[in-house]
Amino acid sequence: MTARSDVHSKGRLPFVVEKNSAPVALAERTAVLADPGFGRVFTDHMAIVRYTEGKGWHDARITARKPLSLDPASAVLHYAQEIFEGLKAYRLADGSMAMFRPDANARRFRHSAERLAMPQLPEEVFIESIEQLVKVDRDWFPTVEGGSLYIRPFMFANEVFLGVKPSSEYLYLVIISPVGGYFKSGAPAVSIWVSQEYTRAAPGGTGAAKCGGNYAASLVAQAEASKHGCDQVVFLDAAEHKWVEELGGMNVFFVFEDGSLQTPPLSGTILPGITRESLMALARSEGLTVREQPYSFDQWKADAASGKLTEAFACGTAAVVTPIGRVASPEGEFRMGAGGPGQTTMRIKQKLVDIQRGVAPDPHGWVHRLG
Ligand code: PLP
Ligand code: COI
């Protein structure tokens, strides 16, 4: 089945829609949607757009999700020229569908492309690809409490050439995974391992871009965290090994006894999280003080011991807002407050989730309805 919309204005592309002729059977889909986990099952379709130097972006389609065929000399397999995004679509209380701030993801995708010497995908094409795909896969919203569609746009270099240079060809794709919670443990608060040996990103590097290489670099530290019984790793800065930066896949916030919040500043080495920015706006609109200031690991320990620091939490699209209970490092471990979810953390989380789900008013215009 093919449906064409003939929009040819700058920054837009017509998407051809080819329906999957062998979608997942209803009974299987229903079972999966009751307990989807995170990132292990996928919908029936994907979006794909090609880029060729000289020709630009072309051949935009929504098509059956299927394996890709890649030449072994494709540039991405050798030099990791790859970027991605992560955002969610929700079924709102009134039954309609919406995405949270897709324009912010489209912008960050362009910035990541720029840093990785890749062509920038027009923001309209990014948003259109996702809108079209979610509409085609609208029957895949999880039925589990707190479920959503996790949308994964990504782009990689596929020129067949082993010289080290920006590729002349790229593929942009979007896949969707119906998801529940990110953390398997389902515990009310997660534990964090402070990596002393490894860093994630250095000044001048790619820390502020969402490129696969950053995650590859974080895996050995994440494995170390798991070995020490922790859910996630938190990285310190590369220059002094002193300042808290972020987790492998989340930003971090600290909550103090005076009710103020603090988060590391966007120094170029951490990802400018959209959840981070949204939470800062929500906290400030509640009259809370939010500082974007460096926070050292030594201070973190001291403030937790003195009781000045009462809560800490991780935030991101996948994790939403997740309280941090226990912090471990080679020197020992400590907890904040009672080691469980803090009051401010849970209040601000609820505020965000209520906006995302269409339960509360959306004064910032963050909810992008799909009709
Ligand atoms: N930091 C890293 C390294 C991430 O991978 C993510 C997830 O996308 C975040 C922070 C949070 O970003 P966002 O809130 O835009 O999902
Ligand atoms: C996200 O929250 O979207 C992330 O990218 C984190 C992780 C799944 C890589």
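The values are calculated or read from the model by the stated rules, or taken from the named source; none is laboratory data. Small disclaimer: the values here were computed from a predicted structure and weren't measured. Reconstructed Cβ throughout: ideal geometry from the backbone, glycine too, with neighbour counts over all protein chains shown. Ligands, DNA and RNA are stripped out before the accessible areas are found, and what is left, the full protein with its side chains, is counted by its heavy atoms. Shrake-Rupley method; radii C 1.70, N 1.55, O 1.52, S 1.80 Å.
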Task: Residue ranges of strands (runs of 3 or more DSSP E) in segment 218-325 with at least 2 members away from ligand 2 (no atom under 16 Å from the Cβ) and either in the same structural domain as G86 (by TED's automatic domain parsing) or within 20 Å of A338 (Cβ to Cβ) (or both) - done: 251-256, 309-316
TODO: Considering each residue of segment 27-48, count those that are among the polar types (S, T, N, Q) and either more than 18 Å from E145 (Cβ to Cβ) or within 16 Å of ligand 2 (Cβ to nearest atom) (or both), and give that number.
DONE: 1
Task: Complete set of residues in segment 10-46 that are among the polar types (S, T, N, Q) and assigned to a loop (DSSP other than H, G, I, E, B) - done: N20, S21, T43
Task: Sole exception among (1) open to solvent by 60 Å² or more (accessible area, probe 1.4 Å); (2) out of contact with any strand residue (DSSP E or B) (no Cβ under 6 Å at 6 or more places or on another chain) for P294, by number - done: (2)
- [ ] Among the residues of segment 157-190, write down those that are within 16 Å of ligand 2 (Cβ to nearest atom) and either open to solvent by less than 20 Å² (accessible area, probe 1.4 Å) or of a type outside the set (S, T, Y) (or both).
- [x] L173, V174, I175, I176, S177, P178, V179, G180, G181, F183, K184, V190
Open item on the list: With the structure loaded, tell me whether G365 is at pLDDT 95 or above and within 16 Å of ligand 2 (Cβ to nearest atom) or whether it fails that test.
Closed with: no
- [ ] Scan segment 45-95 residue by residue and report those that are among the charged types (D, E, K, R) and more than 24 Å from the chain's Cα centre (by Cα).
- [x] E53, K55, D59, D71, D94
Open item on the list: Would you confirm whether or not segment 310-324 contains a residue that is of a type in the set (D, E, K, R), in contact (Cβ under 8 Å) with a residue 24 or more places away in the chain and open to solvent by 10 Å² or more (accessible area, probe 1.4 Å)?
Closed with: yes
